[in-house]
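Contents: one structure, followed by commentary.
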Amino acid sequence: AAKRAGQTYRRWEPALDEQSSGHARLGAEMRVGLDTGQFRVVYQPIVAFPQGRVAAVEALVRWVHPHRGMVSPADFVPVAEQNGLIIELGTWIMRTACRQMARWRAELGADTPDKVSVNVSARQLVRPDFAATVADILAETGLPPRHLAVEVTETAVFEGGQAVTTLHELRKLGVRIALDDFGTGHSSLGLLQTVPVDILKVDKSFVDNVTEAGRHSVIAEALIRISTELGMTAVAEGVETAEQADALHRLGYTLLQGYHFSRPVAEPDFGPRSTATAGV
Ligand code: C2E
Ligand code: CA
Ligand code: CA
Ligand code: CA
């Protein structure tokens, strides 16, 4: 049951006219939540397929609200971006994930996944002190920078400016850059010319129908070729079935993430796992 606990959300859906006062209330409750330890970080494995080793984990924030129950980040992250709390929350998430990764490395040695990947919002990236904050957290937790990746969306870096400068600074530290939800922005391919990217996270929408002939599998195939030719690593997100995993494997994907392998959990199982699938 603990494994599923991270996923059962109660949606926060105020009527439109109540939305701004609802947001204000949610914002005030987040402040309390931050001060009283209501936030958690869970980790979803990114699996080397078909071998089955957990190659990396993505850190995902959870809010266990005393009355509302589990509130989805899709509901509270946008509110935190609006009211600025994302800066404090994001720093807490980064510190928690780096500390956890350092602890796993100390406890598990070679079984530890190679990277923890942390979602970073646009509001964090445009701060000129963001890279220095990350450097401080790495120093404080003792996590070598190559074991950290930051996940940024295309829209966060679309306008260039300080956000892209920050990515160059992070990369200089040795932190890896992952472009999240890849393929869903307005100028996905154009961005690859200007933004330093190590990892492409191919959006779930291209994975959903990858088993069917037609446009989705063509795009998934094009994206793995582009990432390989540009020397980037591709991760397919939102893999829910063995058939999708097999189809992605045939297209050349080797890193897969999704409910088929594991939901996000507090303590992933890094032991050897079987990924035996229908056709293999
Ligand atoms: P995302 O970064 O694209 O994260 C992937 C989301 O898809 C996660 O939802 C994950 O639990 C879910 N997911 C993973 N595998 C599957 C699958 O096979 N099927 C389906 N249907 N879903 C799957 P989650 O944790 O609710 O997060 C939603 C979004 O909230 C994230 O999308 C990200 O944009 C944001 N978010 C989550 N954690 C953080 C955080 O720590 N910081 C920031 N800034 N944003 C976060
Ligand atoms: Ca992400
Ligand atoms: Ca994503
Ligand atoms: Ca997303």
How many percent of the accessible area of the chain is carbon or sulfur, using a 1.4 Å probe? 52 percent
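About its Cα centre, how strong a charge dipole does the chain have in debye, to the nearest 20, once Lys and Arg get +1 and Asp and Glu get -1 at the Cβ?
Charge dipole, the chain, about its Cα centre: 600 debye, nearest 20.
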Show me the GluC sites (Glu not before Pro) within the stretch 118-214 that DSSP assigns to loop and that have at most 14 other Cβ atoms within 10 Å of their Cβ. Glu159, Glu212
In the chain, what percentage of the DSSP-assigned beta bridges are antiparallel, given to the nearest 5? 40 percent
Taking only protein heavy atoms and a 1.4 Å probe, what accessible area per residue, in Å², does the chain have with all protein chains in place? 47 Å²
Around Glu243, with a cut-off of 14 angstrom between Cβ atoms, what is the net charge of the other residues, counting Lys and Arg +1 and Asp and Glu -1? -3
Cα lying deepest toward the dipole's positive end in the chain, options Ala110, Val47, Tyr253, charges on Cβ: Ala110
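The values are calculated or read from the model by the stated rules, or taken from the named source; none is laboratory data. These numbers were taken from a predicted model, which means no experiment stands behind them. Using ideal geometry, Cβ is built from the backbone for each residue, glycine included, and neighbour counts are taken over all protein chains shown. Side chains included, ligands, DNA and RNA excluded: accessible areas come from the protein's heavy atoms. Shrake-Rupley method; radii C 1.70, N 1.55, O 1.52, S 1.80 Å.
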